[in-house]
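Participant: Below are the structure tokens for one structure; questions will follow.
The values are calculated or read from the model by the stated rules, or taken from the named source; none is laboratory data. What you are looking at is a predicted structure, and each value in this text was computed from that prediction instead of being measured. Here Cβ is always computed from backbone atoms with ideal geometry, including for glycine, and neighbour counts include all displayed protein chains.
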Amino acid sequence: MNQKLIENPRIKIYTRSMNDILYNKSMSFIDLYFPKVRLQGTSADGYLLDLIMDEETDIVINIDEDAFVYDTSILMNLVDSVIQNGYANCGMPDGGVVHLRHFNPLVTNPFFNVFNTKLLRTKINEYNEQDYNVHKESFIEKCPVEMMKGAYEYVYFEPYYPLLIWINQNFKTLYLNASTHQDGLTTILEDNNAKPFLMHTWFSREYGSNKIQTRRINNVIAECGKLAKIDVKFTFVEKTKLDIAIQRKQVIRWAKNIKRFFK
């Protein structure tokens, strides 16, 4: 490992974002001095390539806008572990850990990652998507089978899978454990020392359109705020935007149902 990288890493926080309110709430929990990069209108795999190719950073904390870090000290210890131990990536397996994700465990679901992008750039020119978009038995050697506690299968349906499997096969990946929140959906992510530090609600596309999911996500935000000792408040404008968006979706659904009834 490059000693200069260990001593003075250039770190950025990247988020692929579609919702202003969620993004602002998520970032309010990460009160760190690192630059924050919000990318919109990008593809899932294109986004990951963009952050890897950012020559102005060595380490990227990649986090979804519906993920909320309630202990940044644990996060920073995790970043340090990635750097000190020469990992190229860390994150939760996309299968076998939580019931919502029963897919490929070689892949780290990109709701949260710590990427050593300086290390990844040393070989990124060798990456060929076609070599990693079909499963090979040899890939299984790097599966974290000891972590598997639920269903998984070696499927290849997400556009970012080939890139993350290439990382798995060519570098060291630190896999993180997780559990499911009492709401039955939210994932509680742990660091490499089994310390929980982040909650990921999933269903961000339903935020502001589905009343039940919006309420659930807001409850998780409030819970994370208490754990982080942060007073998370929604402004009048944010509340109004959410109410209007939910009502609009309800009207559209009613209109569609009425249209079908009179056909």
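Participant: Looking at (1) among the small types (Gly, Ala, Ser); (2) at pLDDT 95 or above; (3) farther than 24 Å from Cys90 by Cβ, which is the one condition that is false for Ser179?
Facilitator: It is condition (3) that Ser179 fails.
Participant: Still on this structure, I have one more. Is it true that some residue in the range 214-229 is of a type in the set (Val, Ile, Thr), assigned to a loop (DSSP other than H, G, I, E, B) and closer than 12 Å to Leu22 by Cβ?
Facilitator: no
Participant: Can you pull out the residues in the range 13-41 that are charged (D, E, K, R) and in a helix (DSSP H, G or I)?
Facilitator: The answer is Asp20, Lys25.
Participant: Continuing with this model, one more query. Name the one entry in Leu185, Leu189, Leu163 that is in contact with a strand residue (DSSP E or B) (Cβ under 6 Å, 6 or more places away or on another chain) and either surrounded by 16 or more Cβ atoms within 10 Å (Cβ to Cβ) or closer than 30 Å to Ile124 by Cα (or both).
Facilitator: When all the criteria are applied, what remains is Leu189.
Participant: Select from the range 58-103 the residues that are surrounded by fewer than 22 Cβ atoms within 10 Å (Cβ to Cβ) and of a type in the set (S, T, N, Q) and write down the one among them that is farthest from Ile30 (Cα to Cα).
Facilitator: Asn85
Participant: Using beta carbons and a limit of 7 Å, which pairs, at least six apart or on different chains, have the first residue in the range 125-137 and under 17 Å from Asn104 (Cα atoms) and part of a loop (DSSP other than H, G, I, E, B) and the second one modelled with pLDDT of 95 or more and of a type outside the set (Phe, Trp, Tyr)?
Facilitator: These pairs meet every condition: Tyr132/Pro162; Tyr132/Ile165; Asn133/Pro162.
Participant: If I go through the range 95-116 residue by residue, how many of them are in contact (Cβ under 8 Å) with a residue 40 or more places away in the chain, within 11 Å of the chain's Cα centre (by Cα) and farther than 15 Å from Gln169 by Cα?
Facilitator: Adding up the residues that qualify gives 5.
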